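Colleague: The structure follows.
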Amino acid sequence: MSATTATAPAKGRQMSIGRLLLEGRAFFALIAIIAVFSFLSPNYFTVGNFLIMSSQVAIFGILSVGMLLVILNGGIDLSVGSILALAGVCAGAMMQGVEIEALGVILYPPVWAVVVLTLCVGAAVGAVNGILVAFFKVPPFVATLGVMYVARGVALLMTNGLTYNNLRGSEALGNTGFSWLGFYRLGGVPISVIVLAVIAIAAGLMLQRSAFGRWLYASGGNERAAELSGVPVKRVKITVYVVSGMLAAVAGLVLASQLTSAGPTAGTTYELTAIAAVVIGGAALTGGRGNVRGTMLGAFVIGFLSAGLVIIGVSSYWQTVFTGAVIVLAVLMNSLQYGGGARKG
Amino acid sequence: MSERTTGEVVLAARNVAKSYGQVHALKGVNFDIHRGQVTTLFGENGAGKSTLMKILSGVIQPTTGQIVLDGQPVAFANANDARDRGISIIHQELSLAPNMSVRDNIFMGREIKGATGVDYAEEERQVRVLMEELEEEIDPLTPVEDLRLGQQQIVEIARALSVDSRILIMDEPTSALSASEVEVLFKVIRDLTARGVSIVYISHHLEEALTITDHAVVLRDGNMTAYAPRSEIDLDWIVRNMVGDNYDLGSPPETTVGNVALSIRNLSVPDMTGKDLVDGLNLDLRAGEIVCIYGLMGAGRTELLETVAGRLSASAGEIVLEGREISHLTIGDRIARGLALVPEDRQRDGLVQTMSVGQNLSLASIGRFTRGLFTSRRDERQLIDDSIRQVTVKTAGGHAPIGSLSGGNQQKVVIGKILATQPRVIMLDEPSRGIDIGAKAEVFRLLAEGARQGLAVIYSTSEVSECLSIAHRIIVMHKGRISAEFDSSVSKEKIMAASGESVAA
């Protein structure tokens, strides 16, 4: 009966070439990067090189998945680089043996226990972030900035600034196998890449298909509306920081295993690379928009670009310039996509 | 109102059309603004009112057609260009910086320069003069965020008045004002027109607009469907032309009134300073019953409903849902038990703008289509399709972005989201705010239908005519307490008197 018409300027939009390029920008950027470097260097387009590059991307990729969850929630997690270092140092310390003075013994926990305990450390630091943000209403930027310093400081204190070099363990102590994460391959594929794939698929499924994923998108898009719809917004918030911390610990384990050493200064500025990957992947820093596929593409764009620049012999200073330019370009495209999006006319 | 039907045309739209891609928001409209008179633009949401006003004030440019100012065709480059020529607009959405003071907001972008920077004293003096004119006790140095919504709207109006405009466009200026503030605004409008200022007025509050206007123009679907001077029209004429149909918000439905579904006992809700916004309130709501809460802004209606829903916490009292005390439960648990709120501000509290129509509809009932770890797409689509049909949302489908819907349809999505949770008690805070008559009637019909099936409904409103529609019982709130309770045969005057409102003779 009413003559109301929904004014929908964005409906029935054609998939023009421009639109297609805009929506699939991270994908096309990756193709372009691969094409250009394959042309410039014969060493780039080889299975071996791709596997090496991918195992480097794995570290950033794992961090980026956690970062994506936090950013979808409308937050940011600056502490992941420090958590990565702290996790590595914790693992290193446990591999060297934990001395219990009261009993006068040194414990050498098996590798599985080291992994579990390290993940717990990451989750605990993440929980501190989450509680600060959700219950004490500290802005995420400030809360995680503080935790970033604290975690880095603790890692430095634990080692006195030194690096644990021998993480191989020994047969006699029954704690060998730590290098498995960083060196072994399954069907030719490095374990780290498999770990990344499993995490990405799990996160993707969770975001697209689980109730929690829907809660996360809703509370990132409009927290007040989500809360009134019965979404436990505080629980969602704490969970994303815990998961982000835990994934940072996973990345820390992988990195320590790859290097067979754990240093307190590892992972410095990695949080920024992770944020960059998420942004290049099309997520909005205001929350509620973004997905795992985009973030993975973003991580590979950054990883393949810097690896390519190394292979063709460009100075690492230029790498920094290029990476920065890509990030700015990505943000520009994001504002094109969301700024001109559907609006009520 | 005095008879002033003739007057020189100062600003006119000639055959103005505006298209956004495939969507034609305006289809060749002619529109005259007369010197020193009020022209009111009527029309449902999406009829093109705001688009036309944005064109006249230079915010957007027409696709085709012409703007004629003082007989000369003009093209405004932007809103500043139009403002320089004496045209200013008060937008529907407030555009104030909440962190800045009233003074700084009013002079934002055109600060008065003195010998040593900004002349704050002079600005402050001018603000005081404006506030005196608007009969509002607002200190110029108060941050805008400390003002209530109605006062913020006054500031917005003061800002438009502070520029000496010849033509002033007001897009829903009264939506957050109390009755007495509206009176003052109308007095100001009369003063302005006496000084030769032309006013263009847009409001969903038809009766109110009729008391002030000299001309009425009705838009429908981007076309101008009717024009007449005030002397020739009445409420029926406007409504007929707006919706092309009889306008009826319904009457209390025949329902089977069951047991008490919701019982509020001695409920008190304090504000930050400890003052009680809701003060020892008692209320029983039965299944199948529709109760309307009437009250002015600040009467405590929103606080009452939000406390019952679980957003705010009470300092004392009990909330009993179907015999069980629920004060300690989370919002989610209350929804699961069958109690849900449709909030007042749908943009801020009702919708997730980054999600689609369908995802918004299913948001509060994710549990209904979750199987084990994962959601079932098929079941969700079923739920969304059912919802869209039930609340008759006009949309291209569940995948359409929520921003593509008109205000009325967005409101239906919020209501549909709550109905999808299969509630037994539904609370709606100002469900008709900012939506047109057609959508309003549909919303009320939905509620009446729900009550027939045993749903207990409670809604708040600040329009008396909405109390006297589907409600079986009318509760008037004043300063956090129930000041009166009526059945549906009460008169408008009695309701208004009980709310502490001054009744215009």
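Colleague: Sort out which residues of the stretch A:232-246 are over 14 Å from A:Y217 (Cα atoms) and hydroxyl-bearing (S, T, Y), and write them in order of number.
Modeller: Initially, the stretch A:232-246 is screened for residues over 14 Å from A:Y217 (Cα atoms), giving A:238, A:241-246.
If the condition is that a residue be over 14 Å from A:Y217 (Cα atoms) and hydroxyl-bearing (S, T, Y), then A:Y241, A:S244 are the ones that fit.
Colleague: Which of (1) within 10 Å of chain A (Cβ to nearest Cβ); (2) under 18 Å from B:L446 (Cβ atoms); (3) part of a helix (DSSP H, G or I) is the odd one out, the single condition B:L361 does not satisfy?
Modeller: (1)
Colleague: Then there's this: Right, A:V301: under 25 Å from B:Q359 (Cβ atoms) and in a helix (DSSP H, G or I) or not? It would help to see each step written out before you state the result.
Modeller: Numbers: under 25 Å from B:Q359 (Cβ atoms): no; in a helix (DSSP H, G or I): yes.
Answer is no for this residue.
Colleague: Restricting attention to the stretch B:73-94, does a residue exist that is closer than 19 Å to B:Q153 by Cβ, out of contact with any helix residue (DSSP H, G or I) (no Cβ under 6 Å at 6 or more places or on another chain) and not in a loop (DSSP other than H, G, I, E, B)? First the steps, then the outcome.
Modeller: Of all residues in the stretch B:73-94, those closer than 19 Å to B:Q153 by Cβ come to B:88-94.
Still in the running and out of contact with any helix residue (DSSP H, G or I) (no Cβ under 6 Å at 6 or more places or on another chain): B:89, B:91-93.
Then drop every residue that is not not in a loop (DSSP other than H, G, I, E, B), which leaves B:89.
Yes; the residues of the stretch B:73-94 include at least one that is closer than 19 Å to B:Q153 by Cβ, out of contact with any helix residue (DSSP H, G or I) (no Cβ under 6 Å at 6 or more places or on another chain) and not in a loop (DSSP other than H, G, I, E, B).
Colleague: Something else: Kindly indicate whether any position in the stretch B:49-64 is within 21 Å of B:D191 (Cα to Cα) and part of a helix (DSSP H, G or I).
Modeller: The initial filter retains those residues of the stretch B:49-64 that are within 21 Å of B:D191 (Cα to Cα), namely none.
No; the residues of the stretch B:49-64 include none that is within 21 Å of B:D191 (Cα to Cα) and part of a helix (DSSP H, G or I).
Rundown of residues vs (1) under 22 Å from the mean Cα position of the chain (by Cα); (2) modelled with pLDDT of 90 or more; (3) surrounded by fewer than 23 Cβ atoms within 10 Å (Cβ to Cβ), yes/no style:
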residue	(1), (2), (3)
B:S432	yes, no, no
B:G438	yes, no, yes
B:A451	no, yes, no
B:L455	no, yes, no
B:S460	yes, yes, no
B:H478	yes, no, yes
B:D487	no, yes, yes
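Colleague: Would you be able to say whether some residue in the stretch B:58-70 is over 30 Å from B:A17 (Cβ atoms) and in contact with a helix residue (DSSP H, G or I) (Cβ under 9 Å, 6 or more places away or on another chain)? Break it down into steps so the answer makes sense when it comes.
Modeller: Taking the stretch B:58-70 as the starting set, the residues that turn out to be over 30 Å from B:A17 (Cβ atoms) are none.
No, the stretch B:58-70 contains no residue that is over 30 Å from B:A17 (Cβ atoms) and in contact with a helix residue (DSSP H, G or I) (Cβ under 9 Å, 6 or more places away or on another chain).
Colleague: Kindly provide the set of residues from the stretch A:197-214 that are within 12 Å of chain B (Cβ to nearest Cβ), surrounded by fewer than 17 Cβ atoms within 10 Å (Cβ to Cβ) and among the small types (G, A, S), ordered by number.
Modeller: Those that are within 12 Å of chain B (Cβ to nearest Cβ), surrounded by fewer than 17 Cβ atoms within 10 Å (Cβ to Cβ) and among the small types (G, A, S): A:A202, A:A211.
Colleague: What pairs can you find where one residue is in the stretch B:53-65 and surrounded by fewer than 23 Cβ atoms within 10 Å (Cβ to Cβ), the other is assigned to a strand (DSSP E or B) and among the hydroxyl-bearing types (S, T, Y), and their Cβ atoms are less than 7 Å apart, with a gap of 6+ or different chains?
Modeller: B:T63/B:S19
Colleague: Going by the conditions given, is A:R224 within 9 Å of another protein chain (Cβ to nearest Cβ) and either assigned to a helix (DSSP H, G or I) or touching a Ser or Thr at 6+ places or on another chain (Cβ under 6 Å) (or both)?
Modeller: Numbers: within 9 Å of another protein chain (Cβ to nearest Cβ): yes; either assigned to a helix (DSSP H, G or I) or touching a Ser or Thr at 6+ places or on another chain (Cβ under 6 Å) (or both): yes.
Yes, satisfied.
Colleague: I'd like the full set of residues that are surrounded by fewer than 16 Cβ atoms within 10 Å (Cβ to Cβ), touching a residue at least 60 places away in the same chain (Cβ under 8 Å) and among the small types (G, A, S), limited to the stretch A:139-163.
Modeller: Across the stretch A:139-163, the qualifying residue is only A:G161.
Colleague: Which one is farthest from the chain's Cα centre (by Cα) among residues in the stretch B:192-240 that are among the hydroxyl-bearing types (S, T, Y) and closer than 18 Å to B:E463 by Cα? Talk me through it step by step, then tell me what you get.
Modeller: In the first step, residues of the stretch B:192-240 are kept if they are among the hydroxyl-bearing types (S, T, Y); the result is B:193, B:198, B:201, B:203, B:211, B:213, B:225, B:227, B:231.
Imposing the further condition that a residue be closer than 18 Å to B:E463 by Cα reduces the set to B:203, B:211.
Numbers: B:S203: 9, B:T211: 19 Å.
The residue in question is B:T211.
Colleague: Here is a follow-up. Looking only at the stretch B:381-411, count how many residues are more than 9 Å from every other protein chain (Cβ to nearest Cβ), closer than 12 Å to B:V357 by Cβ and in contact (Cβ under 8 Å) with a residue 40 or more places away in the chain.
Modeller: Summing the residues that are more than 9 Å from every other protein chain (Cβ to nearest Cβ), closer than 12 Å to B:V357 by Cβ and in contact (Cβ under 8 Å) with a residue 40 or more places away in the chain in the stretch B:381-411 gives 4.
Colleague: Need a quick list: strands (runs of 3 or more DSSP E) entirely within the stretch B:175-285 having at least 2 residues that are farther than 27 Å from B:E306 by Cα. Full working, then the answer.
Modeller: Working: elements: B:198-202, B:215-220, B:223-229, B:260-270.
The qualifying strands (runs of 3 or more DSSP E) are B:198-202, B:215-220, B:223-229.
Colleague: Name, by its number, the condition in (1) assigned to a loop (DSSP other than H, G, I, E, B); (2) over 23 Å from A:L72 (Cα atoms); (3) touching a residue at least 40 places away in the same chain (Cβ under 8 Å); (4) at the interface with chain A (Cβ under 8 Å from one of its Cβ atoms) that does not hold for B:L341.
Modeller: (1)
Colleague: So A:G188 fits all but one of (1) more than 19 Å from A:L297 (Cβ to Cβ); (2) within 13 Å of chain B (Cβ to nearest Cβ); (3) not aromatic (F, W, Y); what number is the exception?
Modeller: (2)
Colleague: Residue by residue through the stretch B:209-233, note down the ones that are of a type in the set (D, E), out of contact with any helix residue (DSSP H, G or I) (no Cβ under 8 Å at 6 or more places or on another chain) and more than 14 Å from chain A (Cβ to nearest Cβ).
Modeller: Within the stretch B:209-233, B:E232 is the sole residue that qualifies.
Colleague: Across the stretch A:65-79, what is the total count of residues that are part of a loop (DSSP other than H, G, I, E, B) and of a type in the set (V, I, T)? Even if it seems obvious, please write down each step before you answer.
Modeller: Step one: filter the stretch A:65-79 for residues part of a loop (DSSP other than H, G, I, E, B), giving A:73-79.
If we keep only those that are of a type in the set (V, I, T) too, we end up with A:76.
So the count comes out to 1.
Colleague: How about the stretch B:309-330: which of its residues are touching a residue at least 40 places away in the same chain (Cβ under 8 Å) and of a type in the set (V, I, T)?
Modeller: Residues satisfying the conditions are B:I319, B:V320.
Colleague: Sticking with this one: Take the residues in the stretch A:180-196 that are at pLDDT below 85 and surrounded by 18 or more Cβ atoms within 10 Å (Cβ to Cβ); name whichever of them is nearest to A:P110 (Cα to Cα).
Modeller: A:L181
Colleague: Among the residues of the stretch B:13-42, what is the count of those that are more than 14 Å from every other protein chain (Cβ to nearest Cβ), among the basic types (K, R) and part of a strand (DSSP E or B)? Don't jump to the end; show me each part of the working.
Modeller: Residues of the stretch B:13-42 more than 14 Å from every other protein chain (Cβ to nearest Cβ): B:13-16, B:28-41.
Now restrict to residues that are among the basic types (K, R): B:14, B:35.
Subset that is part of a strand (DSSP E or B): B:14.
So the answer is 1.
Colleague: Of A:V326, A:V292, A:V301, A:V254, which residue is modelled with pLDDT under 90 and more than 14 Å from chain B (Cβ to nearest Cβ)? Show your work before the answer.
Modeller: Working: A:V292 fails: modelled with pLDDT under 90; A:V301 fails: modelled with pLDDT under 90; A:V254 fails: modelled with pLDDT under 90.
None of the other options fit; the residue is A:V326.
The values are calculated or read from the model by the stated rules, or taken from the named source; none is laboratory data. As the structure is a computational prediction, the values presented were derived from the model and not from experiment. Note that we place each Cβ from the backbone using ideal geometry, even for glycine, and neighbour counts take in every protein chain shown.
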